[in-house]
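Below is one structure; the comments refer to it alone.
The values are calculated or read from the model by the stated rules, or taken from the named source; none is laboratory data. Please read these numbers as outputs of a predicted model, since none were measured by experiment. Heads up, the Cβs are rebuilt from the backbone with ideal geometry, glycines too, and the neighbour counts pull from every protein chain shown. Heads up: the accessible areas ignore ligands, DNA and RNA and are worked out on the full protein's heavy atoms, side chains in. Shrake-Rupley method; radii C 1.70, N 1.55, O 1.52, S 1.80 Å.
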Amino acid sequence: MPPCGAEDTTMGHKINATAAAATATYKSPLHQMTQTTDTCLWNDSAAEADLTYSLEHGAVGATCNPVIVLDVLKREMPTWKPRILALARELPAATETEIAWRLVEEISSTRAGMLRPVFEASGGRNGRLSIQTDPRLYRNPKALVDQAMRFNALAPNMIVKLPVTRAGIEAIEEATARGVSINATVSFSLPQAIQVAEAVERGLRRLEAKGDSIAAMGPVCTIMVGRLDDWLKVVAEKRDITIEPGYLEWAGVAVFKKAYRLYRERGYRLRLLSAAFRNHMHWSEFIGGDVVISPPCKWQMRYNASDVAVEPRIDRPVDPRIVSELQKKFEDFRRAYEEDGLTIAEFDTFPPTRRTLRQFIDACNQLDVQVRNVITPDPDAEL
């Protein structure tokens, strides 16, 4: 089997690479996965130290969102504080929010540079930095597309995150049709994954109808597997639902595997991406698939220190007894697992969607605070 990114039949990429010899030694389990299977590793962080570690273990992409940028600023403030002050001087009328989003852009484009060699070697399939649109725009398709176009121009190897809301589906098609590689985010369910794939396909067909090449595009659809698990655990606690120990750890895995099977059957020209890690199965159960796993650095280190065997599991079905029990006891699992479980109009009100949007929007507010503390420091703290 070719290593991650060696050969792709969805977008017409062809890269000369061969699988590592069976006797080869690897730096880590994640490195072994990237060298011996189709499964790719992305780093769920734009922090320089995290991305450096991940690249050493075979990563071919990275992601960014308001929560991640907030973490980067807290960890790298000595690096970015002078830039915040410079932006305040350069843009004397800019709001804290405007300065914060300039930082998002600059952090993302800077770290995209670390991935540029991978991007060029893979013909655009990999080596991208995933930058997230403002989560507060989740209801406005035009604003989402406008920001996606701006972000796409920051560097050749950007991929733009758009939320899988009702407005987001419209924006995903339009951005794709304008040549933007998208990463669908705020996504937890099979209905969302299917609608994303259909929107991307419509966008790609519009590009092809104009005679434009799609060979250098690399769209993905994220399924935040752990966030679905999180919500079902909240429901179980609030509603006193008793279920076999460990069953709730399989909810997101079951949705992801079903989506992967349907993507292959229907020939959709984008990959699935696993995000929101809570246990090793959010990595190990997807090994062997032509998919992306995107754990934060702390989970990568945990996986690399584990004794979990690196072997293909993507096609191993989840125990039907587990799926049946989850379907019987959790309405929101049924909605996430069945293709017709959610309408597009219901995407915005699905509880995991609301919880995640609220967290992302709160992180935007906290980014403003970080900027404020630099350009308008509290005088009381100086005494």
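Open to solvent by 10 Å² or more (accessible area, probe 1.4 Å), closer than 23 Å to G58 by Cα and either touching a Pro at 6+ places or on another chain (Cβ under 6 Å) or of a type in the set (S, T, Y) (or both): is that true of Y268 in this structure? Spell out how you get there, then give the answer.
On the way: open to solvent by 10 Å² or more (accessible area, probe 1.4 Å): yes; closer than 23 Å to G58 by Cα: no; either touching a Pro at 6+ places or on another chain (Cβ under 6 Å) or of a type in the set (S, T, Y) (or both): yes.
In short, no.
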Discussion item. Can you pull out every residue in segment 123-158 that is of a type outside the set (A, V, I, L, M, F, W, C), open to solvent by less than 60 Å² (accessible area, probe 1.4 Å) and part of a helix (DSSP H, G or I)?
Written reply: P135, P141, Q147, N152
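Would you tally the residues in segment 65-76 being among the hydrophobic types (A, V, I, L, M, F, W, C) and in contact (Cβ under 8 Å) with a residue 40 or more places away in the chain? Steps first, answer last, please.
Of all residues in segment 65-76, those among the hydrophobic types (A, V, I, L, M, F, W, C) come to 67-70, 72-73.
Next, only the ones that are in contact (Cβ under 8 Å) with a residue 40 or more places away in the chain stay: 67, 69-70, 73.
Residues flagged as among the hydrophobic types (A, V, I, L, M, F, W, C) and in contact (Cβ under 8 Å) with a residue 40 or more places away in the chain within segment 65-76 amount to 4.
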Practice prompt. Report yes if some residue within segment 330-348 is open to solvent by less than 20 Å² (accessible area, probe 1.4 Å), in a helix (DSSP H, G or I) and either touching an Asp or Glu at 6+ places or on another chain (Cβ under 8 Å) or more than 28 Å from L137 (Cα to Cα) (or both); otherwise report no.
Written response: no
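Residue-by-condition table, conditions (1) in contact with a Cys (Cβ under 9 Å, 6 or more places away or on another chain); (2) over 25 Å from D348 (Cα atoms):
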{"residue": "H57", "(1), (2)": "no, yes"}
{"residue": "A62", "(1), (2)": "no, yes"}
{"residue": "V67", "(1), (2)": "no, no"}
{"residue": "D71", "(1), (2)": "no, yes"}
{"residue": "I84", "(1), (2)": "no, yes"}
{"residue": "W101", "(1), (2)": "yes, no"}
{"residue": "E105", "(1), (2)": "no, yes"}
{"residue": "R136", "(1), (2)": "yes, no"}
{"residue": "A143", "(1), (2)": "no, no"}
Worksheet item: Any residue at all in segment 103-123 that is charged (D, E, K, R), more than 23 Å from V60 (Cα to Cα) and in contact (Cβ under 8 Å) with a residue 40 or more places away in the chain?
Response: no
Discussion item. Can you say whether K233 is open to solvent by 10 Å² or more (accessible area, probe 1.4 Å), touching a Leu at 6+ places or on another chain (Cβ under 6 Å) and free of Cβ contacts under 8 Å to residues at least 60 places away in the same chain, as far as the supplied structure shows?
Written reply: yes
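With the structure loaded, tell me whether L162 is at pLDDT 95 or above, surrounded by fewer than 24 Cβ atoms within 10 Å (Cβ to Cβ) and of a type in the set (A, V, I, L, M, F, W, C) or whether it fails that test.
Numbers: at pLDDT 95 or above: yes; surrounded by fewer than 24 Cβ atoms within 10 Å (Cβ to Cβ): no; of a type in the set (A, V, I, L, M, F, W, C): yes.
Criteria not met by L162.
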Worksheet entry | So A167, is it under 26 Å from R355 (Cβ atoms) and touching a Leu at 6+ places or on another chain (Cβ under 7 Å) | yes
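Yes or no: segment 87-94 includes at least one residue that is of a type in the set (D, E, K, R) and either buried (at least 20 other Cβ atoms within 10 Å of the Cβ) or in contact (Cβ under 8 Å) with a residue 12 or more places away in the chain (or both).
Narrowing segment 87-94 to residues of a type in the set (D, E, K, R): 89-90.
With either buried (at least 20 other Cβ atoms within 10 Å of the Cβ) or in contact (Cβ under 8 Å) with a residue 12 or more places away in the chain (or both) added as a condition, the list becomes none.
No, segment 87-94 contains no residue that is of a type in the set (D, E, K, R) and either buried (at least 20 other Cβ atoms within 10 Å of the Cβ) or in contact (Cβ under 8 Å) with a residue 12 or more places away in the chain (or both).
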Worksheet entry | Members of segment 187-229 that are assigned to a loop (DSSP other than H, G, I, E, B) and open to solvent by less than 10 Å² (accessible area, probe 1.4 Å) | S187, F188, S189, G218, P219
Worksheet item: Does any residue of segment 297-315 turn out to be open to solvent by less than 50 Å² (accessible area, probe 1.4 Å), in contact with a His (Cβ under 8 Å, 6 or more places away or on another chain), under 19 Å from G341 (Cβ atoms) and assigned to a helix (DSSP H, G or I)?
Response: no
Item to complete: For V323, state whether it is modelled with pLDDT of 95 or more, out of contact with any helix residue (DSSP H, G or I) (no Cβ under 7 Å at 6 or more places or on another chain), of a type in the set (A, V, I, L, M, F, W, C) and open to solvent by less than 20 Å² (accessible area, probe 1.4 Å).
Response: no
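Would you check if F256 is surrounded by 18 or more Cβ atoms within 10 Å (Cβ to Cβ), touching a His at 6+ places or on another chain (Cβ under 9 Å) and modelled with pLDDT of 95 or more? Write out each step before concluding.
Working: surrounded by 18 or more Cβ atoms within 10 Å (Cβ to Cβ): yes; touching a His at 6+ places or on another chain (Cβ under 9 Å): yes; modelled with pLDDT of 95 or more: yes.
Considered against the rule, which asks whether it is surrounded by 18 or more Cβ atoms within 10 Å (Cβ to Cβ), touching a His at 6+ places or on another chain (Cβ under 9 Å) and modelled with pLDDT of 95 or more, F256 comes out as yes.
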Worksheet item: Can you tell me which residues in segment 165-186 are within 16 Å of D340 (Cα to Cα) and either out of contact with any helix residue (DSSP H, G or I) (no Cβ under 8 Å at 6 or more places or on another chain) or surrounded by 24 or more Cβ atoms within 10 Å (Cβ to Cβ) (or both)?
Response: T165
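If you check V180 against the conditions, is it modelled with pLDDT of 95 or more, of a type in the set (V, I, T), touching a strand residue (DSSP E or B) at 6+ places or on another chain (Cβ under 6 Å) and on the phi > 0 side of the Ramachandran plot?
The answer is no for V180.
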Worksheet item: In segment 237-290, what residues are of a type outside the set (D, E, K, R), within 22 Å of T349 (Cβ to Cβ) and either assigned to a loop (DSSP other than H, G, I, E, B) or without any contact (Cβ under 8 Å) to a residue 24 or more places away in the chain (or both)?
Response: I241, A276
